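The next block holds one structure in the form of C-alpha cells; read it before the comments.
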C-alpha cells in the first residue's frame, strides 16, 4: 500500500496539492492551513461554546507529552493510545468550558499583568531565585504550547480557580469532628487469633494429573504466549555530529560574555527611610522628607531617623537596613538612584509607594572567572549545543531516508552508525532503553512496521537521540501447551486446594473447644497486620465477632474481636491540628467536586 502511494506521489494531482500547501504556508502561515481544515470541525458544544477537533488533538498531544515526561519509560503504552487520549482531552475541555463560563458569569476576570506576575514568581521557571527565560521556553515547548497559547492557558487556569478557591476557603471544621477522628485514631481493641500457614498446608497437599489437566482446560485463556516482535534499529545521537561542527573564536567570546552575565549581579547594601504617599498628599510627603533631610544634615543619625520617620515597618526598627539589594528588586527609580551613588552617599527619589531617602552602605561585586579558565568548558557546551542543533536539523533528512527505503542501511551509512538488533519484546516493552520507550513500542506494533513492513517514523528518545526501526520478526499471540504450563498449573492448583483446606480448618476452629487462641489486649491501630485486620471487624454487640481474614503472605487468620475501647490517650494539639487540616482539605475537595458536577449536569453539552 505504502509503495503505491510512493509511486503515485509524483503525479500532477499531488503536485497541485503540495503547491497549495506551500503557498498557504508562505502567505498565511501554518495557522491558516490548520484553520482552513478544522475551523468548522466542532466535536462538542457547551452552552453555545464550540470545542474544535484541533483543540481536542492539541489537548491529547499535551497529555501524551506530560505522561512521557512524568513517567518516562515506565508509562503503560496503552495510556498513549490516541482514542483514550482524545477522549480524556475532550472531557477536560468540556469541564474547562463549564468552569470558565461560571467564572465569567460571576463577573470574574484575570489581567495580563496578573498572569505575568504569576509566571515570573513560579519556582519551576526560576534559576537561583531569578526568572529563567530558557527554562520557561523549554517547559512550554515540551508541552507543545507557543508562549502566547501558554499564557492564555494560564490565564484561564487562574480564572477558573477563583470560584474553586472561594468554595474551598469557605469550608470549616467543627470541634466535634476533630474529636471524632481523634477518638477513632486512639481506639484500642482486644482480640484473639489463630493463624493457619499456607506454606505448611501446601507441602501436605497433593494433586493428580487429571486435576491439573482439568484446570488447564478450564483456564486455557490464562496461558498464552503474548505477541512479541524483534526489531532492527539505528540510533542517531547528537554526539555523532561532534566531528562535523565548528566553533569560532567569536562564538567562544560570545558564550563567555553570556556565561558571566548570568553570574550574581553587583549588590549594594543600602538603608532607606520611606515616606509613603498613600495616607498623605504629595506635598505633605515632600515636607516630611525635607524635615528628615534637614535633621540628617544637622547631625542626626540615619538609623534614629529611620526608626522615627520611616513608614517601612519591615526595616524602620533596624535603622532602615535593607541588606544587599540587586537591580530589579526595589523598582526602576530606586535602582537607578542606588546604583548611581557612591559609598556613604545619601540621595532621595520618588518611587511607587512614596519618597525614599537612600543611604548606600556598601558595594559587593561578583568574582568573574577568566576566559582561559572557562574556555574548555565553553567549547564542550558549544559543541554539545551545536551537535544537538545539527541533529534537530537532520530530523527531516532522517525521516526522508526512512520513508524512501524499506531498510535501514541507507540511514546507517549516511550517519556512520550500526544497524542494531533487539531481543524479542511484547506490548509492555523490553528491558533496554530503546525497547522500553513507549514511543518505540507504539511504533514497533504500529501498522506501518508490523503490517506493511516499512521503516518506522523517526522516534525521539531524547533531545540527544533519535531512532528508526524496522521489523525483524513477529511472533503472534499463541496458546501454551499443557506440557509447557504444567509446572505453573501445578503451583496454582496446589495453592488453591491448600487455601480451601485452610479455610475449612478455620471455619471448624470457630466452634471447636480445643482451639488454641493467641490473645492480644488493648492493641492500637496500625501496630501490625493482624491488628489492622482486627480493626476491620465490626464492633461486638453483646458477643464476640469472629471472622476469617487473609494475610498478605497468603496465610489465613481466624480473628475473634472481644472488646473495643475508646482509648485514654491524650491527643497532642499538633496532631489535632493535622486532623483538622485533613478534614478541611477533604471537605473542600468534596465541595468543589460537587459544585463541578452540578455545573456540568446543568450545562447543555452536545458531543
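Rounded to the nearest 0.05, what FRET efficiency is calculated for residue 404 and residue 251 with R0 set to 30 Å and r the Cβ-Cβ distance? For residue 404 and residue 251, the calculated efficiency is 0.30. Modelled spin labels at residue 71 and residue 345, positioned 7 Å past Cα toward Cβ, are 6.1 nm from each other. Where (i) 3, 9, 12, 15, 18, 18, 13, 8, 4, 1, 0, 0; (ii) 3, 16, 26, 26, 18, 8, 2, 0, 0; (iii) 3, 13, 19, 19, 15, 12, 9, 6, 3, 2, 1, 0, 0 are the candidate values, the label of the one calculated here for P(r) over Cα pairs in 10 Å bins from 0, in percent is (i).
The label point for residue 318 and the one for residue 161, both projected 7 Å from the Cα toward the Cβ, are 3.0 nm apart.
What does the extension gain come out to for residue 375 and residue 276, with contour length at 0.36 nm per residue minus their alpha carbon separation?
Full extension of this stretch gives 30.6 nm more.
Estimated from helices alone, the mean residue ellipticity of the chain at 222 nm is -16500 deg cm²/dmol (sum of -39500 (n - 2.57) over DSSP H runs with n ≥ 4, per residue). Just check region 219-287 against the gyration tensor rule for me: Cα atoms, a ≥ b ≥ c as the square roots of the eigenvalues, rounded for a/c under 1.5, and otherwise prolate or oblate depending on whether a/b exceeds b/c. Cα axes put region 219-287 in the oblate bin. Rounded to the nearest 0.05, what FRET efficiency do residue 581 and residue 511 give with R0 = 45 Å and r taken as the Cβ-Cβ distance? Could you check? The pair residue 581/residue 511 has a calculated efficiency of 0.45. Across region 572-607, the residues whose backbone nitrogen lies under 12 Å from the label position 7 Å along the beta-carbon direction of residue 106 are 592, 595-596. Place a label point 7 angstrom from the Cα of residue 133 along the Cα-to-Cβ direction, then list the residues of region 147-179 whose backbone nitrogen is under 18 Å away. The answer is 147-151, whose backbone nitrogens lie closer than 18 Å to the label point. By other beta-carbon atoms within 10 Å, ranking 141, 96 with the fewest at the front produces 141, 96. For region 332-373 versus region 94-128, the spacing of their alpha-carbon centroids is 34 Å. Calculated FRET efficiency, residue 397 to residue 480, Cβ-Cβ distance, R0 = 41 Å: about 0.35 to the nearest 0.05.
Subtracting the Cα-Cα distance of residue 239 and residue 259 from 0.36 nm times their residue separation leaves 4.9 nm of extension gain. Taken along the Cα-to-beta-carbon direction at a fixed 7 Å, the label points for residue 541 and residue 336 span 8.1 nm.
Values quoted throughout were computed directly from the atomic coordinates according to the rules given, and no laboratory measurement underlies them. What you see is a predicted model, and the numbers here were worked out from it, not measured in a lab. Using ideal geometry, Cβ is built from the backbone for each residue, glycine included, and neighbour counts are taken over all protein chains shown.
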